[in-house]
Every structure is written in C-alpha cells, then in structure tokens.
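What follows is a short report on a single structure.
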Amino acid sequence: MSQTTAVVGARDPGDAVAAPPGSEFAPLLRTVKGRGLLERRHAWYARCIAANALALAGVATGVVLIGDSWLTLLLAPLLAVFGARTAFIGHDAGHSQIAGDKTVNRVIGLIHGNLLLGMSYSWWNDKHNRHHANPNHIDKDPDVVADILVFTGEQAKHRSGFRRWLTRNQAWLFFPLTLLEGIALKVHGFQDLRRQPRRERDVEGALLVGHVVAYATLLLISMSPGKALAFAALHQALFGLHLGLAFAPNHKGMEMPDPDGERWGHLRRQVLTSRNIRGSVLTDWFLGGLNYQVEHHLFPSMPRPNLRRAQPLVRAHCQDVGISYVETGLVDSYRQALRHLHEVGEPLRTEWTE
C-alpha cells in the first residue's frame with residue numbers, strides 16, 4: 001500500500017470555529033485562523049463560477065449548432081465534466097465557503113444544484129451535513145447506511161436475495177453502478193420534496209422541473225429523439241462516473257468508529273476516517289478540491305483554494321499529536337476502496353462456493 005502516513009486529529013462538523021481550549025484540535029484551529037485560511041475568497045469563486053457558466057453555455061451552443069448529428073454526442077463528455085464542476089460549486093456553497101451570507105450561498109446552491117443539474121440543494125445539504133458530523137459512523141453517517149452497497153461484515157450478514165448477490169460482487173460493480181448516479185441524484189431530489197417545508201418545496205420543485213424542461217428542450221430542438229436519448233444517456237452516465245471518481249477515494253476503507261466504543265473528538269473523528277489524494281493542480285481541478293479530504297472535513301467552511309495551503313499545517317499537527325494522516329495516489333486510493341468492498345463481501349462469496 002503506497003500511502004504517506006503522518007499524524008492527524010478531528011473535531012465536530014459545521015464551521016470549524018469553536019473548539020474546547022484543551023482539545024487536540026484547538027491549537028490547529030488557532031494556527032489556521034491566524035494564517036487567514038478561513039477567510040472567504042470571493043474573487044476566486046467569482047472567476048470559477050463565471051468560467052464554468054461560460055463553459056456550460058459553450059457546450060449548449062455547440063449542441064445547437066452541430067444539431068442532428070451523431071457528432072453532437074462528442075459534447076456529452078464535456079457536459080459531464082463541467083456538470084461535475086457545477087456540482088463542486090454547489091457543494092462549496094452548501095458549506096458556506098463562497099459567501100458569508102447564508103441566503104447568497106443558498107441562491108448559488110439552488111442555481112448550480114436544482115436549476116443546472118436537477119439535483120436538490122436542500123436534500124444534498126441535509127444528507128451531506130449528517131455525513132460530515134459523523135463520517136463513517138455506521139449508525140449516523142447516511143453514506144454508509146446499508147443500501148445498494150454495504151460497508152461492514154455485519155451489514156453483509158443480513159443481505160438476502162438479489163442484494164446478497166450485489167454484496168458478493170460489489171467491488172466489481174462499484175464503478176458500473178456509478179453510471180446510474182446522475183439519474184439517482186435527480187430521483188432523490190424529487191422524492192425529498194415531501195420532506196421540505198412548503199415554501200422551500202415550492203422553490204426547489206419549480207427549479208427541478210425547470211431543469212428537466214430546459215434539458216429536454218435543448219436536446220429535442222437540436223436532434224432527433226433517438227439521438228437526444230443517446231446524448232442524455234451518455235451524458236448522465238459519465239456525469240455519475242465523474243462524481244463517483246471524486247467521492248470514492250475519500251472514506252471507503254478508512255477507520256469506522258465503533259458505535260459502542262470511545263467517543264472521538266473532532267480531530268480524530270475527521271482525520272482517521274478520511275483519506276487525501278496526492279497530485280497536482282490538475283488533480284485539484286478534476287476532484288474539485290475533495291482530494292484534500294482531511295482538511296475539508298476539519299474545516300468544512302474553508303474555501304477550496306485554501307485547502308492546499310492548510311495541508312502542511314494539518315499534517316504537521318497530526319504528527320505532533322500522534323494521529324495517522326493518510327495520503328495516497330489516485331489509483332491506489334481506488335484500489336484501497338475497492339479492496340475494502342471486496343473484503344466485506346468475502347464471507348458471502350465463500351458461503352456461495354461451498
């Protein structure tokens with residue numbers, strides 16, 4: 001396993017601003033705040049949002065200009081890539097990284113989530129904040145609840161029928177399943193409308209419907225129904241795959257807190273359950289800054305461009321307090337995540353072959 005190990009710690013979710021004076025996290029928080037790394041980067045985000053909007057507009061224009069040709073499908077991968085950038089902007093808005101005003105962040109999130117992607121900003125925020133509060137906690141993190149995939153041997157034991165087959169083969173099926181994630185996100189958004197208060201539901205629902213109408217109109221006025229369907233299928237599959245590539249390395253195969261064991265503080269809770277990905281500026285762009293998963297979990301409201309600057313401080317602090325800081329290459333991160341899924345399904349495969 002080629003990974004760089006140092007020493008790390010963890011704290012609670014939300015804006016990382018208040019820590020008990022004697023906690024392991026408090027000295028790191030003081031250092032990070034002293035370096036100004038929690039301050040908003042308005043100009044950086046303005047450029048990022050503007051560039052992404054121009055890219056999306058350019059792809060849409062290309063779809064219209066090329067029109068009813070199979071060549072138009074060549075634009076589907078580009079739309080998937082810039083769709084993922086759109087999701088990253090919505091993610092950052094949900095963490096209040098972009099603006100200090102909650103309403104401004106919500107508007108940015110609604111535009112980039114509901115309108116441009118057809119993905120509910122409210123649903124994503126609720127689910128994602130619960131994940132940040134207790135990452136990899138089997139009873140509290142919605143991302144490790146037994147569903148299509150399972151993450152512990154105990155979850156695997158209770159699988160039956162088709163889901164049991166899925167668990168036996170989940171390591172092989174993981175990336176193929178991400179091809180459906182783009183559609184699944186849209187379905188979850190519409191389903192979540194029933195949970196939302198009336199005013200929020202009206203706004204979110206109107207924007208979700210607006211996305212579907214605008215997306216269908218763009219494709220159907222530009223090409224035949226058959227080509228439009230092929231474009232949509234390719235676009236949504238690659239969009240889901242891209243998000244899967246960004247999210248898969250972050251926590252799978254990392255520590256999972258014992259629900260009945262010792263309660264970890266913020267530093268340990270976030271660092272021991274998270275994995276960083278080494279790389280260049282291109283890696284930062286492709287993964288939307290989520291390759292700095294440790295720093296992001298410790299400081300959720302830290303603007304994305306500051307995560308790289310915070311990394312040496314976090315790594316050094318973890319070494320000082322004796323906490324393992326995990327960082328690995330991109331390919332190896334997938335190998336570790338898939339190995340974990342494979343090991344969870346191993347007892348079912350052994351049973352099946354006996």
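In this Cβ point-charge picture (+1 for Lys and Arg, -1 for Asp and Glu), the chain has a dipole of about 560 debye about its Cα centre. Shape summary: the chain maps onto an equivalent ellipsoid whose semi-axes, from the alpha-carbon gyration tensor, are 33, 27, 19 Å in decreasing order. Think of it as helices only: each DSSP H run of n ≥ 4 in the chain is worth -39500 (n - 2.57), and spread over all residues that comes to -19500 deg cm²/dmol at 222 nm. Taking label points 7 Å from Cα along the Cα-to-Cβ direction, SER224 and ILE183 give a separation of 2.2 nm. Amide H to amide H, with H built 1.01 Å from N, MET119 comes under 5 Å of ASN114, counting only residues 5 or more places away or on other chains.
Spin-label model, ALA133 to GLU343: label points 7 Å out along the Cα-to-beta-carbon direction sit 2.9 nm apart. Max-minus-min Cα coordinates of segment 258-354 on each principal axis give 53, 36, 22 Å, with the largest extent listed first. Once the convex hull of all Cα atoms in segment 62-197 is built, its volume per residue stands at 162 Å³.
Taken about its Cα centre, segment 238-354 carries a charge dipole of about 580 debye when Lys and Arg each add +1 at the Cβ and Asp and Glu each add -1 at the Cβ. Both radii are taken from the alpha-carbon atoms of segment 142-249; with Rh as the Kirkwood radius, Rg/Rh is 1.06. Approximating the spin labels as points 7 Å out from Cα along Cα→Cβ, the LYS33-to-SER280 distance works out to 3.8 nm. Applying 1/(1 + (r/R0)^6) with r as the Cβ-Cβ distance of GLN191 and ALA216 and R0 = 25 angstrom yields a FRET efficiency of 0.80. Sites listed here are trypsin sites (Lys or Arg not before Pro) in segment 205-313 whose DSSP assignment is loop and whose Cβ has at most 16 other Cβ atoms within 10 Å: ARG263, ARG278. Phi angles of segment 250-259 translate, via the Karplus equation with coefficients 6.51, -1.76, 1.60 and θ = phi - 60°, into HN-Hα couplings of 6, 9, 5, x, 8, 3, 10, x, 6, x Hz per residue; Gly and Pro are given as x. Here's how it looks for TYR325: its modeled amide H is under 5 Å from those of ALA6, VAL7, VAL8, which are all 5 or more places away or on a different chain. What list of ³J(HN,Hα) couplings, whole Hz, do you get for segment 319-334 from phi and the Karplus terms 6.51, -1.76, 1.60, once you set θ to phi - 60° and write x for glycine and proline? Using θ = phi - 60°, the values come out as 5, 5, 9, x, 10, 5, 10, 9, 9, 8, x, 4, 4, 5, 5, 5 Hz. Remark: C-alpha extents of segment 114-169 on the principal axes read 38, 24, 13 Å, sorted largest to smallest. The shape of segment 33-135 can be summarised by an equivalent ellipsoid whose semi-axes, obtained from the alpha carbon gyration tensor, come to 30, 16, 11 Å from longest to shortest. Using a 1.4 angstrom probe on heavy atoms only, work out the carbon and sulfur share of the accessible area of segment 302-344 in %. In segment 302-344, the share of accessible area belonging to carbon and sulfur is 53 percent. Here segment 65-113 has 74 percent of its accessible surface on carbon and sulfur atoms, given a 1.4 Å probe and all protein chains in place. Considering only ASN250, ASN134, ASN52, the Gaussian network model of the chain with Cα springs below 10 Å gives its largest mean-square fluctuation to ASN52. Couplings 3J(HN,Hα) of segment 280-293, computed from phi: 9, 4, 5, 5, 4, 5, 5, 9, x, x, 6, 5, 9, 5 Hz, in residue order, whole Hz [Karplus 6.51 cos²θ - 1.76 cosθ + 1.60, θ = phi - 60°; x for Gly and Pro]. Estimated at 0.36 nm per residue, the fully extended path between LYS157 and VAL321 surpasses their Cα-Cα distance by 55.3 nm.
Extension gain for ALA232-TRP172 works out to 19.1 nm (0.36 nm per residue, less the C-alpha to C-alpha distance).
The values are calculated or read from the model by the stated rules, or taken from the named source; none is laboratory data. These numbers were taken from a predicted model, which means no experiment stands behind them. Please note: Cβ atoms are built from the backbone with ideal geometry, for glycine as well, and neighbour counts cover all protein chains shown. Note: accessible area is taken over every heavy atom of the protein model, side chains too, but ligands, DNA and RNA are not part of it. Shrake-Rupley method; radii C 1.70, N 1.55, O 1.52, S 1.80 Å.
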